[in-house]
Structure formats: C-alpha cells, structure tokens
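Trainee: Got a structure for you, written out below as structure tokens; questions coming shortly.
The values are calculated or read from the model by the stated rules, or taken from the named source; none is laboratory data. On a predicted model such as this, the values are computed, not experimentally measured, just so you know. Note: ideal-geometry Cβ built from the backbone for every residue, glycine included; neighbour counts use all protein chains shown. Only protein heavy atoms, including side chains, enter the accessible area calculation; ligands, DNA and RNA are left aside. Shrake-Rupley method; radii C 1.70, N 1.55, O 1.52, S 1.80 Å.
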Amino acid sequence: MLEIEKLTVEVGAFRLREVSLTVARGECHAVLGPSGAGKSTLLKAILGVLRPHGGRLRIAGEDAADVPIERRGLGYVPQNLGLFPHLTVRDNLAYSARARGLPPNEFQPVLDELVAATGIGTLLDRYPAELSGGERQRVGLVRALAGRPRALLLDEPFASLNESLRRELWWLLHELQRERELTVLLVTHDLAEAYVLAERVTVLFDGQVVQQGEKAEVYGRPAAPGVAEFFGVETLQPGRIVGVRDGLAVVQVGTAELTAVAASGCANEVLVSIRGEEVVLDRGGGPTSARNVLPARVVTVRPGSPLVCVELDAGFPLVALVTRAACEELDLRPGVEVTARVKAPSVHLIPRGGVVGDTGIAARPSPPD
Amino acid sequence: MTFRRTTIVAALAVLALYAGLLLSLAWFLDLETLRSAVRSERTLFSVRLSLWTATSAALLALLLGTPAAYALSRYRFPGREIVNTLLELPIIVSPAALGAMLLMFFNHPLGVWIENHIARFVFTVAGIVLAQFVTVLGVAVRMLKAAFDEAPVELETVARTLGATPRYAWRTVTLPLARRGLIAAFILAWAKALGEFGATIMIGGTMAMRTETLPVAVYLRLAGADIEGTVALILLLVVIGLAALFATRKLLGTAFRA
C-alpha cells in the first residue's frame, strides 16, 4: 500500500537520508526512534507537506510525487490530534464529506459504525475543548477513518495520555486495525506502543534507517549499539569473537567467555547485548541446557516493579531481571555468590564499527560532522 | 508601592490623560454652537463622508491585506522580507508625507495617465479613500499576519488530509480561527482611517461639501479661530468613533461564536 524507496528530505540543516520502507495492505508498521530522529519529517513527506529531494513514494501502486495532499487518500492523526476547535464533534466528523463536496450521508454508515465502536456517540454536540484526553483521541481516530483512507498515518497520537488510558486506546486501535484491515503507519518513540500495535518495525536514528524487520527480531536482536541502548537492553558490553565451536561463536567479554549464536559475516569486535529477562539465576544447580553458566557475585539489588534489577559481576557487568519472590527465595544480597545462566540464542552480538551483517542490516552510522 | 499597584496606577494615568483632554473641551463647550453645528448641512456632509471613506478604506485594506498577510505568514517567497519591512513605511513616514507622495505620484506620467484614463484621485472622494487606505494598510497587514500566525498550520494539513483543497481549508479552518484578529484588524484600520488627517488633506484638499472629512473640518474650524465650533466637531468625532467601535465589537462579537 505504501512503498517508500530511498526517500531523502531536507529541512533546514536536518536530512532524512534514503529511507526505504514498505507497508503492506492491512499491516501496521511502526517507525521507532528517539525525538529528533526524523520520524515526523518522514510522515510529512509521505503526507505531501514536505517535498522530498530524492527517492520515490508510491501509494497503492501510484507514484505520489505530484499528488496534492488532499488526493493522496491518507488519514492523518497528529500528536495534538488536530481537532478543529471551532467545530462540534459532529461537524469535525462530517468535515471530510463536506470538504469533498459529498452529501453528508455518504460516509454516514461507516461513521455510525466507528462512532459505535469507539463509544463517542454521546459527545457529538460537544466542542473539542469540552472533551477529555481519551475522548479527543477517539474523535481524532474516527474522523481520520471516516473518509475511508487508503492508509492511516499516526504521529505519536497517544503521547499525551496516562498509562492506563494509553493501553486502552492501543487495544481499541489494534481491534479497529484488525477488523477493518487498516493499513497503518505509526510513528512513536515508545517501544511498548510499537510492540503492541505493529507487526513490523523500522528504527530511525539521525535521519537514517538503522534497522527494519519483524518486531520480535528488532526487539530481541538490535542491529546497532544505539538501537540496543534506545531499547533499554540491560547488559551491553564490548566483546571479541575468539573462536567458533560447533557453529557457535565464542566471545570474550571481560574475563568471561560466552557462547552465542552469531550471524555469519560478523566482525570480530562486537557488542554483547543480553536482555535482563533472559538471565536466570540459581544457587549451584545441576545440568542445564543453557550454554552459558557463569559464576557471579551480586553487586547491587535495585527493587523495581514488577521485576527486581540485580547487578552482577560475572567477569563483566551483567544485569538480571528477576521477580521479587525469586529474589527473596535466593536471598539475593550484595556479596552473595550465584550462578547466572544465559542460553546462547539470548546472547546477541552487535557488530561494532559499521560492519554489515548477512541480514542486510546496517550498523548505526556515525553522526554527521 | 507594590508591583500590582504600580501597574494599576499606570492604567489610571492613561485614563486621566485622555479624560483630562476630553474634559478640557467642556471649558469651551457652547451648547448652542454644538446644536447648530450638529444640525448644519455642512457638518452632516462631513460625518457622512468620514463614515463612508473610513469604511471603504478599512474594507479595501482587509480585502488586499488578508491574502497578503496569509502569504507572509505561511509562505517563503522572493520579496517577502522587503514587503515585511515596507509595512512599517506608513508608520515611520508621517501621514502628511505619505499624502505628499501620493500627490507627487499623480503628477508624474503614470499617475497623470491614471487620472485621465481610469479615475480621478486628486481632490476627489476616491483620493480620500486611497489616502486612508494607504495609511492603514501597513498596520492592517501586520495585525492580520499576527492573526494567521496564531492559527496552527497543522490544522490546515489535517483539513487537507480530510479532502479539503487549500482554499477550502483556509475558508473553513484558518479563517474562523483567525477571526478575532481579523475583527481587531478591521476595527483598528477603520478607527485609524476615521481620524486620518494628514494624507487626506494633502490629496483631498479642503473643499467644503466635497472633500471635507470630520478631521479636516476640525482643522478648518480651528484655523478660522472658531473655538466653540472646533469643540463641537471634536465631540462629534469622539462620539461617532467610540459608538461605532462599540457597536462593531458587539455586533461582530455575537455574530461569531466565541
């Protein structure tokens, strides 16, 4: 539905460089990145507000370069929702039909369905200023969907909501997207939001795509140190591949040796990335399927909710996330000796120094001079 | 003195200043002169002429100023900075100088051609409207631009994704959101045009029953040492101006939902 090929956009000193991504019909794709990465710039170029300096944009197979905004058939919900403050909810929702010169009842069946599905039926005569944050969100979504856009572009639309309301709306959007097979491009800096809503993820850093793929793949195997950092991977340590054993890489990290499943073509200098949830702690214990069994000493225990963060010295700084019950059972205190187990597939290696792996994923670029 | 009090005293000083000026008129006020002045054919003509020219000039300023201000607010185009700077011209140059410039324009070949083939401006009502229009246009565009600056561009984008052409989005979203600024710009332009003297007298002259606006009439009375008559006309100008401003605010204020 949306095909973006090597799109380059310049806004002042900022440059979005050769961004390529494809959103299939009925798919939700998230563009993830810290603020200032160029996410909104990308959306504006797709919408037609900004003119790209290079590359190609196709909407439903048609080249969209010279198509004005109103004929691209894209629904858009910006961060502040863009509800028209001088119009009632009803008039906001009817705007699309009126702007296209259609009889107001043209979109009515779709609109009625959406109004019912989102539960905003009682708000129709109110003005946007009289709505709560969550209500505004629903109205913004329904209005964008009323004209049956070919794709829906969302620019951090849930950023201003509290946690529980945000989750509620994620599920609402998720349901709408599934039921109506909506094509959605979601821009967000919230990892959880991308994980819940999207099937595929593009990670944008400094105006460039650093990683792209299935969400689980991107989440579990960040392609660049910056991505891992951005995702909040707990353990991120420099290492060096010292050998290959049974098709598995042996990595020297600090004074410890780890076994990892390495992508072929990986450079020797790597960054070892281990999610805290993947580290299992025990006292002694018998044989295990985990390839990495490391004697470790507890350095600090930071209580968190719901997981406790245990910082260990396993020859290198290693962080484990365990439940409070496990923490009490194992009597984890600073100085206690434990065994840390990590399965080889959970030890993820990120090439250092801009080497490209066989997945075709580029490492994080060095920032522009 | 507290900060709050200092500011309130300043506000009251403003009131005292203008109230003092108005009250000093009372010293010279002669009811009989006022009555006859208000009733005289010549004064009524001046009132009508002033209302008519000021309203025309303000409307023209809005007509040209609104799209111009929108362009200045939204688009980057060659000459934008120069336009932006020139808007201050009528404020820097005195109105009399502006009127003199107009007069000179109509004495140079292009101006003469316009006078002969399109319309006469020198010593005519059209000239008065033109003088007032030129004087108030700069301020009107400034205010209109500020009004458009406050209407979010994002809403126009959203409107367009909903199928609106740029023109439709402007009419249905930007314009309603900028309406307070538009009303304020019109009121200020109108009030400035009503009291305009320097440029008006330069191009319109001082012909009774032809080009004599109220401010010009005030000047003529004073020049003729007719103090009571001057007072009467000033009061008339003040009353008409304030009443009209009040009425416009009321009218436009209720015509649009806040």
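Trainee: What is the distance in Å between the Cα centroid of region A:287-353 and that of region B:1-71?
Mentor: Their Cα centres are 80 Å away from one another.
Trainee: Here's another thing I want to ask about it. For the protein assembly as shown, with only Lys/Arg (+1) and Asp/Glu (-1) charged at the beta-carbon, what is the dipole magnitude about the Cα centre, in debye rounded to 20? If you can, show how the numbers build up before the last one.
Mentor: Values: 63 positive and 59 negative charges, 329 e Å.
In total the dipole reaches around 1580 debye.
Trainee: What percentage of the solvent-accessible surface of region B:119-258, computed with a 1.4 Å probe over protein heavy atoms, is contributed by carbon and sulfur atoms? Could the numbers behind the result be given before it?
Mentor: Values: 4140 of 6070 Å².
Carbon-and-sulfur percentage of accessible area, whole number: 68.
Trainee: Given points 7 Å out from each Cα along the Cα-Cβ axis, report the B:Ala97 to B:Thr6 separation in nanometres with one decimal.
Mentor: 3.5
Trainee: In addition: Kindly point out which whole DSSP H helices in chain B project their C-alpha atoms 24 angstrom or further along the helix axis while averaging a Kyte-Doolittle hydropathy of -0.5 or above. Mind dumping the intermediate values first?
Mentor: Details: long enough: B:3-28 (39 Å, 1.62); B:41-74 (49 Å, 0.78); B:125-150 (36 Å, 1.43); B:175-194 (27 Å, 1.29); B:227-255 (41 Å, 1.83).
Correct list, ordered by number: B:3-28, B:41-74, B:125-150, B:175-194, B:227-255.
Trainee: Same structure, new question: Out of region B:120-157, which trypsin sites (Lys or Arg not before Pro) are coil in DSSP terms and have no more than 16 other C-beta atoms within 10 Å? Can you show the working numbers first?
Mentor: Details: sites: B:Arg120, B:Arg142, B:Lys145; in loops: B:Arg120.
Of the trypsin sites (Lys or Arg not before Pro), the ones in loops of region B:120-157 whose Cβ has at most 16 other Cβ atoms within 10 Å are B:Arg120.
Trainee: Separate question: Relative to the Cα centre, what is the charge dipole magnitude of chain A, using +1 at the beta carbon of each Lys and Arg, -1 at the beta carbon of each Asp and Glu, and rounding to the nearest 20 debye?
Mentor: Details: 40 positive and 45 negative charges, 95 e Å.
The dipole magnitude comes to about 460 debye.
Trainee: Work out which residues of region A:97-117 lose at minimum 50 square angstrom of accessible surface when the other protein chains are put back, relative to the chain isolated, with a 1.4 angstrom probe, and list them by number.
Mentor: Buried on complex formation: A:Ala99.
Trainee: Please state the relative contact order of region B:36-257 as a whole percent: Cα pairs under 8 Å, 6+ residues apart? Don't skip to the answer; put the middle values down first.
Mentor: On the way: 261 pairs, mean separation 70.2, N = 222.
Relative contact order comes out at 32 percent.
Trainee: With springs only between Cα atoms under 10 Å, which of B:Leu25, B:Leu102, B:Leu162 fluctuates most in a Gaussian network model of chain B?
Mentor: Answer for the Gaussian network model of chain B: B:Leu162.
Trainee: Mind grabbing the interface size between B and A? I mean buried accessible area, both sides, 1.4 Å probe, in Å² to the nearest hundred.
Mentor: Buried: approximately 1900 Å² between A and B.
Trainee: Mind ordering A:137-146, B:169-178, B:147-156 by average Cβ neighbours within 10 Å, highest first?
Mentor: Working: A:137-146: 24.2, B:169-178: 20.2, B:147-156: 18.1.
So the peptides A:137-146, B:169-178, B:147-156, ranked by packing, come out A:137-146, B:169-178, B:147-156.
Trainee: Here is a follow-up. What is the angle, in °, between the Cα long axis of helix A:89-99 and the longest principal axis of the Cα atoms in chain A? Nearest 10 is fine, range 0 to 90.
Mentor: Its long axis makes an angle of about 70 degrees.
Trainee: Would you mind checking the pairs A:Lys39/B:Lys145; A:Lys6/A:Lys343; B:Lys145/B:Lys192; A:Lys44/B:Lys145 and listing those with alpha carbons more than 28 angstrom apart?
Mentor: Details: A:Lys39/B:Lys145 30 Å; A:Lys6/A:Lys343 38 Å; B:Lys145/B:Lys192 18 Å; A:Lys44/B:Lys145 24 Å.
The pairs that break the limit, which is 28 Å between Cα atoms, are A:Lys39/B:Lys145; A:Lys6/A:Lys343.
Trainee: In region B:36-257, if the dipole is taken from +1 on Lys/Arg beta carbons and -1 on Asp/Glu beta carbons about the Cα centre, which of B:Ala126, B:Tyr75, B:Met207 is farthest to the positive end?
Mentor: Value: B:Tyr75.
Trainee: Run the numbers on region B:170-249 and let me know its relative contact order in percent, using alpha-carbon pairs under 8 Å that are six or more apart.
Mentor: Values: 33 pairs, mean separation 19.5, N = 80.
With pairs under 8 Å counted, the relative contact order is 24 percent.
Trainee: I would also like to ask the following. Using a 10 Å cut-off on Cβ to Cβ distances, tally the other chain neighbours for every residue of A:69-78 and report the average as a whole number. Intermediate results must be reported in sequence, preceding the final value.
Mentor: Details: counts 12, 10, 3, 2, 2, 2, 3, 6, 2, 6.
For peptide A:69-78, the averaged partner shielding equals 5.
Trainee: Note every residue of region B:132-167 with a reduction of at least 40 square angstrom in accessible area, all protein chains present versus the isolated chain, computed with a 1.4 Å probe, or write none.
Mentor: Buried by 40 Å² or more upon assembly, which counts only protein chains, are B:Glu154, B:Leu155, B:Thr157, B:Val158, B:Arg160, B:Thr161, B:Leu162, B:Gly163.
Trainee: A further question follows. Give me the aspartates and glutamates in straight-line cross-link reach of A:Lys215: C-alpha distance below 16 Å, same-chain residues under 8 apart excluded.
Mentor: Reachable aspartates and glutamates: A:Glu27, A:Asp190, A:Glu193, A:Glu199.
Trainee: Label B:Ala146 and A:Ser289 with points 7 Å out from Cα along Cα→Cβ: what is the distance between them in nm?
Mentor: Rounded to a tenth, the inter-label distance reads 7.2 nm.
Trainee: OK, next. If you take every residue apart from A:Ala60 with its C-beta less than 13 Å away from the C-beta of A:Ala60, what net charge results, scoring Lys and Arg +1 and Asp and Glu -1?
Mentor: Details: positive: A:Arg25, A:Arg58, A:Arg71, A:Arg72, A:Arg148, A:Arg150; negative: A:Glu3, A:Glu62, A:Asp63.
Charge balance in the 13 Å sphere: +3.
Trainee: Please determine, in degrees from 0 to 90 and to the nearest 10, the orientation of helix A:133-146 with respect to the longest principal axis defined by the Cα atoms of chain A, where the helix direction is its Cα long axis.
Mentor: Roughly 60 degrees between the two axes.
Trainee: Would you look at the GNM of chain A, springs on alpha carbons closer than 10 Å, and say which of A:Glu329, A:Glu175, A:Glu193 moves the most?
Mentor: Among A:Glu329, A:Glu175, A:Glu193, the largest mean-square fluctuation in the Gaussian network model of chain A belongs to A:Glu329.
Trainee: Let me ask you something else. Among A:Leu186, A:Leu21, B:Ile8, which residue has its Cα positioned farthest towards the positive end of the charge dipole of the protein assembly as shown, with +1 placed on the Cβ of Lys and Arg, -1 on the Cβ of Asp and Glu, and the dipole taken about the Cα centre?
Mentor: The listed residue farthest towards the positive side: B:Ile8.
Trainee: Before anything else, pin down the relative contact order of chain A: Cα pairs under 8 Å, at least 6 apart, normalised by residue count, whole percent. Mind dumping the intermediate values first?
Mentor: Numbers: 765 pairs, mean separation 60.4, N = 369.
Computed over chain A, the figure is 16 percent.
Trainee: Of the candidates A:Ala94, A:Ala198, A:Ala116, which one comes out as most mobile in a Gaussian network treatment of chain A with C-alpha springs shorter than 10 Å?
Mentor: A:Ala116
Trainee: When the distances between all Cα atoms of region B:211-250 are binned every 10 Å from zero, what whole-number percent does each bin get?
Mentor: Going out from 0 Å in 10 Å bins, region B:211-250 shows 32, 42, 20, 5 percent.
Trainee: What is the helix-to-structure angle for A:163-180, meaning the angle in degrees between its Cα long axis and the longest Cα principal axis of chain A, kept from 0 to 90 and rounded to the nearest 10?
Mentor: 70
Trainee: Something else: With point charges of +1 on the Cβ of Lys and Arg and -1 on the Cβ of Asp and Glu, referenced to the Cα centre of region B:36-257, which listed residue (B:Ser36, B:Gly163, B:Ser94) lies farthest in the positive direction of the dipole?
Mentor: B:Gly163
Trainee: Note down the nm distance, to one decimal, between modelled labels 7 Å out along Cα→Cβ at A:His53 and at B:Met104.
Mentor: With each label placed 7 Å out from Cα toward Cβ, I get 4.5 nm.
Trainee: If you roll a 1.4 Å probe over the heavy atoms of the protein chains, what accessible area per residue do you get for the protein assembly as shown, in Å²? Write down the numbers at each step before the final one.
Mentor: Details: 30650 Å² over 627 residues.
Heavy-atom accessible area per residue stands at 49 Å².
Trainee: While we're on this one: Under Stokes-Einstein, with the Kirkwood radius over Cα pairs standing in for Rh, what whole-number D in µm²/s applies to chain A at 10 °C and 1.306 mPa s? The partial results should precede the final answer.
Mentor: Working: Rh = 22.9 Å.
After rounding, the answer is 69 µm²/s.
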